[in-house]
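Report on the following structure.
The values are calculated or read from the model by the stated rules, or taken from the named source; none is laboratory data. All of these numbers come straight from a predicted model, not from anything done at the bench. Because the Cβ atoms are built from the backbone with ideal geometry, glycine has one as well, and the counts that use them run over all protein chains shown.
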Amino acid sequence: MTFFKTGRNLLNVVAATVIAAGVVFGQETGTFNLSTWTGTGTGWNTAAGDVLTIEDGGNVRVTGTAGNNQRIAVDVNAVASITLENVVITRPGANNSALELPDDANVKVILEGPNNVLTGGTNRAGLHVQTTATLTIEGTGSLTARGTFGSYGSAGIGGGHGDYQIYRNSGTIIINSGTITAIGAGDPDYAFYAGAGIGGGDEGSSGNITINGGVVTATGNGNAQGIGRGGDASNSHGTLTMNGNAIVFAGSVGDMELSRKVSGILIIGTEQNWYGDEIILTNNATIPAGYLLIVDSDKTLTIPSGMTLTNNGEAIKVGTINHGEPNYGTWGGE
């Protein structure tokens with residue numbers, strides 16, 4: 001158990017200061033309040049009017065609720081860090097994402113607070129990660145990212161609509177911690193016009209996805225996968241690598257290659273996939289309705305002190321769930 005805790009703390013220290021090889025961030029360079037559309041410091045600009053643009057080298061804390069057609073975008077080729085503290089962007093305008101990562105951007109998003117919501121405009125992902133972009137998510141907060149259907153489907157996190165090829169596919173996505181819910185959108189009448197929860201948009205392929213920690217719930221729409229490709233089955237589902245202590249709930253997963261699953265729990269409906277014998281929660285977690293968690297006789301799930309595992313689905317405990325203060329956290333029921 002000590003090994004897991006030490007490893008996790010070391011990972012968090014490194015991730016808090018290093019975003020990419022050779023690039024180290026110190027203190028925040030600026031802040032911006034979406035509710036008042038005002039900010040301080042550097043690392044951002046609003047030269048594009050209703051777009052908060054994060055500049056190369058920026059380390060910006062964003063708060064508040066955006067108005068109509070207001071959104072966040074990152075400069076092309078930028079290496080940047082964005083802290084989302086209870087940010088709500090649900091009306092970014094047609095064919096716009098709430099948060100846009102263009103090609104070759106390398107961005108760390110830090111989640112703080114229980115109410116970060118990113119919803120795409122028609123045909124676009126809530127959090128768009130273009131093909132050669134890299135997104136890293138971490139933090140103690142929560143994020144709900146939704147695609148929006150117009151004429152085409154879109155991912156919650158990843159690719160957008162299929163009408164423009166540059167927006168369909170998803171780039172590289174790394175999740176180190178946080179509580180993340182990603183919901184794809186699609187045509188209710190045509191299942192192939194649909195986006196993944198995390199991955200490709202309508203007619204889009206997924207990039208490489210790595211989940212090292214946190215709690216992730218990913219739901220695709222129509223034929224799209226929870227984690228993987230969009231609704232067109234001819235596209236690539238990309239890869240899914242799992243390390244650390246992540247718990248992932250997914251409607252479906254394109255890549256089930258065992259060699260890329262080192263540790264964590266992957267639950268697909270009632271199908272259980274434990275990678276390793278002991279998993280230690282890194283964030284508060286909820287078993288969603290429609291999902292089943294089974295702790296077999298040779299498995300141990302540890303809830304650290306101060307954390308809670310809530311059961312809104314089903315759970316079968318044959319093995320061990322370490323819970324109960326003062327040494328452990330709260331188990332919300334079997």
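Just a few scattered comments:
- Residues of segment 243-261 satisfying the condition of being in contact with a Phe, Trp or Tyr (Cβ under 6 Å, 6 or more places away or on another chain) and more than 20 Å from GLY290 (Cβ to Cβ): LYS261
- Segment 116-131: number of residues that are farther than 15 Å from GLY199 by Cβ and modelled with pLDDT of 95 or more: 4
- Residue match in segment 120-130 (condition: β-branched (Val, Ile, Thr) and in contact with a Lys or Arg (Cβ under 9 Å, 6 or more places away or on another chain)): no
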